[in-house]
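Structure first, commentary second.
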Amino acid sequence: MTKKSVFKDGSGARKGFVSEFQDDIETRDNSKNNTSKVKNKIINKSSENMKEIVDNCVALTITSPPYNIGKLSDVEMSDKDYWKMVEKCFKEVYRVTESGGRLVVNVANLGRKPYIPFSDKYTELLISLGFIMRGEIIWQKSKGANANFAWGSWLSASNPVIRDIHEYCLVFSKDSMTKASKGVSTIEKEEFMDSTLSIWNIPPARAKKIGHPAPYPTELVERFIKLYTYEGELVLDPFIGSGTTAIGALNLNRNYLGYETNEEYIKLANKRIKEETN
Ligand SMILES: C[S@@+](CC[C@H](N)C(=O)[O-])C[C@H]1O[C@@H](n2cnc3c(N)ncnc32)[C@H](O)[C@@H]1O
């Protein structure tokens, strides 16, 4: 089935976006959850093919995908190729996710002329691949005092510009909202109450200090891991960058697997994993 995108003629890299995500979804028997033999490593290749991981073994995927736009761009490809690549990666995420397993995708909306609702595109893609949406966390990154100063027209209705101080974390399940596996949760009462609210206040990670252009904070990852996994379960990041997901997983006694195409980032991630885990 080919659906036209809800997005009109976008600008820059998003121009002419047409969703064909619904095509060619494989039907599989997801009834049996497996255990992965490979764990706690970062694999240096594209996550378009994750043949190292067996079907139905990942309890939680948490990731922030690469952007194909502006200074955060870590891939240089046409808009069509970008979405093809991303679709392949998330089809693989679907395959390796256990029944009742979860997926969290962190994305920001981008651009101003016009504004590009990147998060909507991801939601459309992931639902079309078979994921069931659980909700959306607004990750508030600042209170506003340090937000960017590009007001547009200052104190004038001519063209005041909205300055985003948030990103999205889109949350999905495979097959069922309830986990099929049993295990030990490690979340405390206060954390549970905070983490089940739809707005989270967490300061951003410092890109310069970490040495990667777009890291997310360990606290963000840890909150999702505590909320959605039991101890010892497997957490996947198909775009692991500087290794934040691995750090969160190990610090909470979970296992991780990561994919990353850039060798320098893998070196950086392994260094951080050594230095920042218990
Ligand atoms: C937004 S960053 C992730 C940052 C990560 N969350 C962190 O805290 O450091 C996306 C990463 O995906 C990597 N990447 C791009 N295309 C990829 C692909 N096809 N497979 C695996 N990694 C890829 C980029 O090199 C980049 O490091």
(request) Being buried (at least 21 other Cβ atoms within 10 Å of the Cβ) and of a type outside the set (Asp, Glu) is the filter; apply it to the range 256-266 and report the residue that is farthest from Lys41 (Cα to Cα). (result) Tyr265
(request) Name the single residue, out of those in the range 113-164 being surrounded by fewer than 12 Cβ atoms within 10 Å (Cβ to Cβ) and closer than 29 Å to Leu197 by Cβ, that is nearest to the chain's Cα centre (by Cα). (result) Gly135
(message) Looking at Ala13 and the list (1) buried (at least 20 other Cβ atoms within 10 Å of the Cβ); (2) part of a loop (DSSP other than H, G, I, E, B); (3) modelled with pLDDT under 55, which single condition is not satisfied?
(response) (2)
(message) Restricting to the range 208-223, give me the number of residues that are within 12 Å of the ligand (Cβ to nearest atom) and closer than 22 Å to Leu170 by Cβ.
(response) 10
(request) Return yes when Ser78 is under 19 Å from Ser47 (Cα atoms) and within 16 Å of the ligand (Cβ to nearest atom) and no when it is not. (result) yes
(message) Can you find a residue that is over 19 Å from Asn34 (Cα atoms), of a type in the set (Gly, Ala, Ser) and surrounded by fewer than 22 Cβ atoms within 10 Å (Cβ to Cβ) anywhere in the range 216-236?
(response) no
(message) Being over 13 Å from the mean Cα position of the chain (by Cα), surrounded by 15 or more Cβ atoms within 10 Å (Cβ to Cβ), modelled with pLDDT of 95 or more and not charged (D, E, K, R) is the requirement here; does Gly248 meet it?
(response) yes
(message) Ser64 - would you say it is at pLDDT 95 or above and among the small types (Gly, Ala, Ser)?
(response) yes
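The values are calculated or read from the model by the stated rules, or taken from the named source; none is laboratory data. Keep in mind that this is a model prediction, so the values were computed, not measured. Using ideal geometry, Cβ is built from the backbone for each residue, glycine included, and neighbour counts are taken over all protein chains shown.
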